[in-house]
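The values are calculated or read from the model by the stated rules, or taken from the named source; none is laboratory data. Keep in mind that what you see is a predicted model, and the values were worked out from it rather than measured. Reconstructed Cβ throughout: ideal geometry from the backbone, glycine too, with neighbour counts over all protein chains shown.
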């Protein structure tokens, strides 16, 4: 596989000084429908055919904050060769599991902190500024009510590939389980995390879950107690939105658990359930796992430590 990362961020910032204002048309020709997605939905500037769009893009690239952040992305990420190699290995592995599935075109952009990961039908878009702000002057400028500290902690290069691949899998490898019970939701995200773990086998597991190392250890040391909390409160078959959101929504910690716990702890429990199931059924393929529509089959194998 000859995978590459296309740099819409650099192409835009380098070309926006074009006084003829035809750079937008050139970018549209290069990036196709994703460019329309970028200027209209991600940056929310103007329709791609609007003659005012080049001026709006120029203003964006000349904004001192976005310009400084782009310069930091260029400095920290460089040519993104390290990330490119990780993506290439991950998608090579994905093709071995699902030979008929699409490998996305990967496009890096600067979203002005609107979107970190944007999977479309055929493109995996990545907002580079989300993965370089940690430790920069811009980090201190990010409002804490919008960007709490746990989010800022993730704004580093090591999080780019696992966050992006996870986003692609969540969009393209899961079914809609809205309205289903908590167990179904746990198993569905558990499948994604199990596949992500296989695709990024060499990556620190904490990065894949967006945990700190201490939070991951907390989960590993207390797996049985976390599980007991779920079943003692009889939440496993709950269809209540608040019960599902409590375990799967992001946050500094999971409500109902100690503050040392990570947010979205349900992703980890789901992963542990699916891993136990696959360990018990070594002949199952990844495709067969994702075709399994009965989460209770997975539950039968789970023996929390």
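May I ask you to verify whether residue 65 is surrounded by fewer than 17 Cβ atoms within 10 Å (Cβ to Cβ), on the phi < 0 side of the Ramachandran plot and free of Cβ contacts under 8 Å to residues at least 60 places away in the same chain? Judged against the criteria, residue 65 is not a match. So which residues in segment 291-305 are touching a residue at least 40 places away in the same chain (Cβ under 8 Å), touching a helix residue (DSSP H, G or I) at 6+ places or on another chain (Cβ under 6 Å) and assigned to a helix (DSSP H, G or I), if there are any at all? Result: 295, 298.
Conditions (1) closer than 30 Å to residue 200 by Cβ; (2) over 23 Å from the mean Cα position of the chain (by Cα), marked per residue:
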| residue | (1), (2) |
| --- | --- |
| 6 | yes, no |
| 12 | yes, yes |
| 39 | no, no |
| 42 | yes, no |
| 72 | yes, no |
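Residues checked against (1) in a helix (DSSP H, G or I); (2) assigned by TED's automatic domain parsing to the domain that holds residue 150; (3) more than 24 Å from the chain's Cα centre (by Cα); (4) loosely packed, with under 15 Cβ neighbours inside 10 Å:
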{"residue": "228", "(1), (2), (3), (4)": "yes, no, yes, yes"}
{"residue": "231", "(1), (2), (3), (4)": "yes, no, yes, yes"}
{"residue": "237", "(1), (2), (3), (4)": "no, no, yes, yes"}
{"residue": "243", "(1), (2), (3), (4)": "yes, no, no, no"}
{"residue": "254", "(1), (2), (3), (4)": "no, no, no, no"}
{"residue": "259", "(1), (2), (3), (4)": "no, no, no, yes"}
{"residue": "269", "(1), (2), (3), (4)": "yes, no, no, no"}
{"residue": "273", "(1), (2), (3), (4)": "yes, no, no, no"}
{"residue": "289", "(1), (2), (3), (4)": "yes, no, no, no"}
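Taken over segment 170-182, the criterion of being assigned to a helix (DSSP H, G or I) and surrounded by fewer than 21 Cβ atoms within 10 Å (Cβ to Cβ) is satisfied by 170, 171, 172. Looking only at residues of segment 16-27 that are within 15 Å of residue 56 (Cα to Cα) and modelled with pLDDT of 90 or more, we find that the one that is surrounded by the fewest Cβ atoms within 10 Å (Cβ to Cβ) is 25. Somewhere in segment 72-80, is a residue at pLDDT 95 or above and closer than 23 Å to residue 197 by Cα? Within segment 72-80 (the criterion being at pLDDT 95 or above and closer than 23 Å to residue 197 by Cα), the answer is yes, since at least one residue qualifies. For beta carbons closer than 9 Å, sequence separation of 6+ or different chains, a first residue in segment 1-13 that is over 19 Å from residue 43 (Cβ atoms) and a second that is at pLDDT 95 or above and part of a loop (DSSP other than H, G, I, E, B), the qualifying pairs are 1/103; 3/103; 5/79; 5/80.
Quick check on segment 206-221. Is at least one of its residues modelled with pLDDT of 95 or more, buried (at least 17 other Cβ atoms within 10 Å of the Cβ), assigned to a loop (DSSP other than H, G, I, E, B) and on the phi < 0 side of the Ramachandran plot? Yes, segment 206-221 has at least one match.
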